[in-house]
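Chemist: Below are the structure tokens for one structure; questions will follow.
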Amino acid sequence: MSDISSFLKCLPLETDRLRIRQYRMTDHDKTLQMSQDPMLRKWIPSGVYGDEEHKEYVLQSSSDSPKDFILEDRITGCIVGEMTFHLWFVERTWEIGWLILPPYQGKGYASEAAKELINVGFGVMELHRIIATAQPENPASSRVMEKVGMRREGLFKQCIPRPDGTWWDEVLYAVLAEEWKAAG
Ligand SMILES: CC(C)(COP(=O)(O)OP(=O)(O)OC[C@H]1O[C@@H](n2cnc3c(N)ncnc32)[C@H](O)[C@@H]1OP(=O)(O)O)[C@@H](O)C(=O)NCCC(=O)NCCS
């Protein structure tokens, strides 16, 4: 129930305004900004992708073992952003994440999509725990975690190595299946 093939069977997912679906190779050009905009990826640990990395990324995301998923407007089909959802080290424990294109930020899209993934994760896939991480300098991301019912569990100091030799701190949030059930 909690492997990637079970999650892929749930796709596409629909919320009030959004559709969450798998990447397709035809998304290559439309998703370049998400891979290559330095401001948008300022707090994404993998950084900005080059052209070849973006091609490989779209290929991998279109395969049967993706980690990231397209978020699009249900009505217009325009790409709004992407959501990360994948196994995180321990069985029945998945990581969730988000990236929303600038024109769509601040409209509740990340929270709307994250709530849907959490509902599917616990309600359908029978996950035990869902976690999310962000840098302390990215409060919008931590705010999304709080809005979808996640608890801050800790701050890891200098745990993400950067190409320039510096280290990022990271906050970790989580929600357990029992907390999700209790919140109704
Ligand atoms: C983080 C991100 C995904 C949020 O997406 P979004 O769709 O704008 O999120 P939502 O609208 O659902 O919620 C954002 C919340 O953060 C709040 N917020 C935004 N900027 C903030 C800031 N500088 N400080 C504190 N809170 C902030 C918003 O007010 C909102 O909370 P509210 O509804 O209580 O007012 C988006 O800003 C983004 O894509 N950033 C670049 C990529 C990125 O950093 N991804 C996360 C990596 S960990």
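Chemist: For Leu99, are the conditions met, namely being buried (at least 17 other Cβ atoms within 10 Å of the Cβ) and either part of a strand (DSSP E or B) or within 15 Å of the ligand (Cβ to nearest atom) (or both)?
Modeler: yes
Chemist: Working only within segment 56-79, note down all residues that are in contact with a helix residue (DSSP H, G or I) (Cβ under 9 Å, 6 or more places away or on another chain), in a helix (DSSP H, G or I) and surrounded by fewer than 17 Cβ atoms within 10 Å (Cβ to Cβ).
Modeler: The one that is in contact with a helix residue (DSSP H, G or I) (Cβ under 9 Å, 6 or more places away or on another chain), in a helix (DSSP H, G or I) and surrounded by fewer than 17 Cβ atoms within 10 Å (Cβ to Cβ): Leu59.
Chemist: Determine whether segment 57-76 contains at least one residue that is farther than 20 Å from Leu18 by Cβ, of a type in the set (A, V, I, L, M, F, W, C) and within 11 Å of the ligand (Cβ to nearest atom).
Modeler: No, because not a single residue in segment 57-76 is farther than 20 Å from Leu18 by Cβ, of a type in the set (A, V, I, L, M, F, W, C) and within 11 Å of the ligand (Cβ to nearest atom).
Chemist: Show the residue pairs that are 6+ apart or on different chains and have beta-carbon atoms under 7 Å apart, the first residue being within segment 28-42 and part of a helix (DSSP H, G or I), the second being aromatic (Phe, Trp, Tyr).
Modeler: Ser35/Tyr49; Ser35/Tyr57; Gln36/Tyr49
Chemist: Condition test on Thr166, is it farther than 20 Å from Glu14 by Cα, under 15 Å from the mean Cα position of the chain (by Cα) and hydroxyl-bearing (Ser, Thr, Tyr)?
Modeler: no
Chemist: Consider only pairs whose beta carbons are under 8 Å apart and that are at least six residues apart or on different chains; among these, list those whose first residue lies in segment 126-155 and is closer than 16 Å to Leu99 by Cα and of a type outside the set (Gly, Ala, Ser) and whose second residue is more than 11 Å from the ligand (Cβ to nearest atom) and in a helix (DSSP H, G or I).
Modeler: Within 8 Å, the pairs are Val148/Ile118.
Each value in this text was obtained by applying a stated rule to the coordinates, not by laboratory testing. Just so we're clear, the structure is a prediction, and the values are computed from it rather than from any experiment. Because the Cβ atoms are built from the backbone with ideal geometry, glycine has one as well, and the counts that use them run over all protein chains shown.
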